[in-house]
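Quick notes on the structure that follows.
Here, each number is a calculation from the coordinates, and none is a lab measurement. Everything numeric in this text was worked out from a predicted model, so none of it was measured. So basically every Cβ, Gly included, is an ideal-geometry build from the backbone, and we count neighbours across all protein chains shown.
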Amino acid sequence: MNTLKHQHFIIFKPYGYLSQFINNQTKRNNKKLLGELYPFPETTMAIGRLDEDSEGLLLLTTDGKMSELIRSSKIEKEYLAQVDGIITEKAIEKLQNGVEIGFEGIKYQTKPCNAFKLDKAPNLSERGKKIRDNRHGPTSWVSITLREGKFRQVRKMTAAVGFPTLRLVRIRIGSFKLDKMNIGEVLKVDDLISLDNKTSK
């Protein structure tokens, strides 16, 4: 009988970190890895990824079956994107209906999603690397909730409607929320079962 108790974590991945524990890149050896944030068990793996320039909620587990289940499910993921310029209602509508992006060398039509412009900037900690200032023009924030996760999808989507992403923060996965976590903070949780709550914010 296997009595091994798996461990699960939620973290606020900082800007500039890879969503992995081993650097597979040959060009740069000075990449920041998740293991620098906390003494995770040796078998810990990230469930899905956030690219190096993105921040926010990331789930980790020692349970490979749980990781596979969550990645294969249509779990909602909510992102806040700070974009270049004041995003228009027309652009928001295009995001909601799906846009064409490039994925693995082919054209891909994103699925319809929940997207809306924020009335004001969200209350987030300042990023490690400064976002450009207002001298370079105004910016705005948009919330985008997806049930898919192609490589750099949100960035490609906002660029496709004419508003490139300057900062990207994932604030929710299923029922888990970033809430008031600090950048780099790691929380150990009992399980990830409640992640199955797919109700939109």
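In the chain, the calculated helix contribution to ellipticity at 222 nm averages -3500 deg cm²/dmol per residue, counting -39,500 (n - 2.57) for every DSSP H run with n ≥ 4.
The share of Cα pairs per 10 Å bin across the chain, counted from zero up to the longest distance, runs 8, 34, 36, 18, 3, 0, 0 percent.
Across the range 53-116, the volume of the C-alpha convex hull divided among the residues equals 141 Å³ per residue. With N as its number of residues, the range 77-173 has a Cα radius of gyration that, divided by 2.2 N^0.38 Å, comes to 1.04. Each residue in Lys94, Lys74 was given a count of other beta-carbon atoms within 10 angstrom of its own, and listing them fewest first yields Lys74, Lys94. Here each label is just a point 7 Å from Cα along the line to Cβ, and for Asn123 and Glu100 those points are 4.3 nm apart.
Taking 0.36 nm per residue of separation and subtracting the current Cα-Cα distance, fully stretching the chain between Val189 and Leu33 would add 54.1 nm.
With all projection directions averaged, the alpha carbon convex hull of the range 126-187 covers 5.6 nm².
Summarising the amide proton neighbourhood of Thr139: residues at separation of 5 or more, or on other chains, whose placed amide H is nearer than 5 Å comprise Gly85. 3J(HN,Hα) along the range 40-45: 5, x, 4, 8, 5, 9 Hz, from the Karplus curve 6.51 cos²θ - 1.76 cosθ + 1.60 with θ = phi - 60°, whole Hz, x for Gly and Pro. If R0 is taken as 25 Å, the Cβ-Cβ distance between Asn182 and Asp51 corresponds to a FRET efficiency of 0.75.
For the range 105-122, the Karplus equation 6.51 cos²θ - 1.76 cosθ + 1.60, evaluated at θ = phi - 60°, returns couplings of x, 10, 7, 9, 9, 5, 6, x, 8, 8, 9, 7, 7, 7, 5, 8, 5, x Hz by residue, with Gly and Pro reported as x.
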